[in-house]
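Here the structure is laid out as structure tokens; the discussion comes afterwards.
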Amino acid sequence: MTVYHQEVDLRTVSNRPSYHDMTPFIQDALKTSRIQNGICVISSPHTTCSVFFEEFMHDRNYYGDEYLQVDLNHVLDRIVPVQKTENQYYSPGPEHIAYGMAKTDPDYPAKEWTMLNTDGHLRSTLLGSSETLIVKDGELLNGKVGYVYFVDFDQTRERNRVCNIVIIGE
């Protein structure tokens, strides 16, 4: 059995969810791995990010988001409104804010308002952080219009993110 791992670096935007089509990265990883039969796991290590499997939509809005992603945003806005101020949700509480403010990350200086991303955490929880697809005869079994997407629901600021692709098989 062979295990192949690839990390994909992604840059997100602020003020709206950031969607990334992972399908070409997965296809390249599968080709490089030379695995013919097994499984492919696509996963996010970030708690405000999701990985999901959906139909490719040809139409896009002016930001480049596919219409189905725009529709998903509208549905999630009704279920989990974007956090605009402290105390809108119980989270983050004072202990978690103290923890976040004590972190030293040169790329993301600590600011209280950057902790106001509870909506991103809840949305990510609803969609999940990974997908698993079957590999058969060197092909990803994702159908003709099935694509895999990474989304960052944390709208507070731009960030560098990572998506992991692991292919296991023979």
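Laboratory data are not the source of any read-out in this text; all were calculated from the coordinates shown. Being a predicted model, the structure only gives us computed values, none of them experimental. As a convention, Cβ positions derive from the backbone with ideal geometry for all residues, glycine included, and neighbour counts pool all protein chains shown.
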Residues in the range 46-65 reached by a label modelled at VAL162 [backbone nitrogen below 18 Å; 7 Å Cα→Cβ]:
46-51
Taking 7 Å along the Cα-to-C-beta vector as the label spot, tell me the ALA110-PHE53 distance in nanometres, rounded to one decimal.
4.1
Fewest to most neighbouring Cβ within 10 Å: what's the order for GLU158, GLU95, GLU66, GLU86?
GLU95, GLU86, GLU158, GLU66
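Report the extension gain between THR85 and SER130 in nm, rounded to one decimal, defined as 0.36 nm multiplied by the number of residues separating them, less their alpha carbon distance. Intermediate results must be reported in sequence, preceding the final value.
Numbers: separation 45, 0.36 × 45 = 16.20 nm, distance 2.94 nm.
Contour length minus the Cα-Cα distance gives 13.3 nm.
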Under 22 Å Cα-Cα from LYS84, which lysines qualify once same-chain neighbours fewer than 8 residues away are excluded?
LYS111
Extension reserve of the ILE39-GLU170 stretch, reckoned as 0.36 nm per residue once the Cα distance is removed:
46.2 nm
Size of electric dipole in the chain: Cβ of Lys, Arg +1 and of Asp, Glu -1, about Cα centre, debye, nearest 20
120
For the chain, calculated [θ]222 nm from helices alone, where every DSSP H run of n ≥ 4 adds -39500 (n - 2.57)
-7500 deg cm²/dmol
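Taking 0.36 nm per residue of sequence separation and subtracting the Cα-Cα distance, how much length would be gained by fully extending the chain between SER14 and MET101, in nm to one decimal?
Using 0.36 nm per residue and subtracting the Cα-Cα distance, I get 29.3 nm.
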Enumerate the aspartates and glutamates that LYS103 could reach by cross-link, defined here as Cα to Cα under 20 Å, with residues fewer than 8 away along the same chain left out.
GLU86, GLU95, GLU112, ASP154, GLU158
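Please identify the longest segment of the chain free of exposed chymotrypsin sites (Phe, Trp or Tyr not before Pro), where exposed means a DSSP state other than H, G, I, E or B and no more than 10 other Cβ atoms within 10 Å. Intermediate results must be reported in sequence, preceding the final value.
Details: sites that count: TYR62, TYR90.
Longest site-free region, per DSSP loop and neighbour criteria: 91-170.
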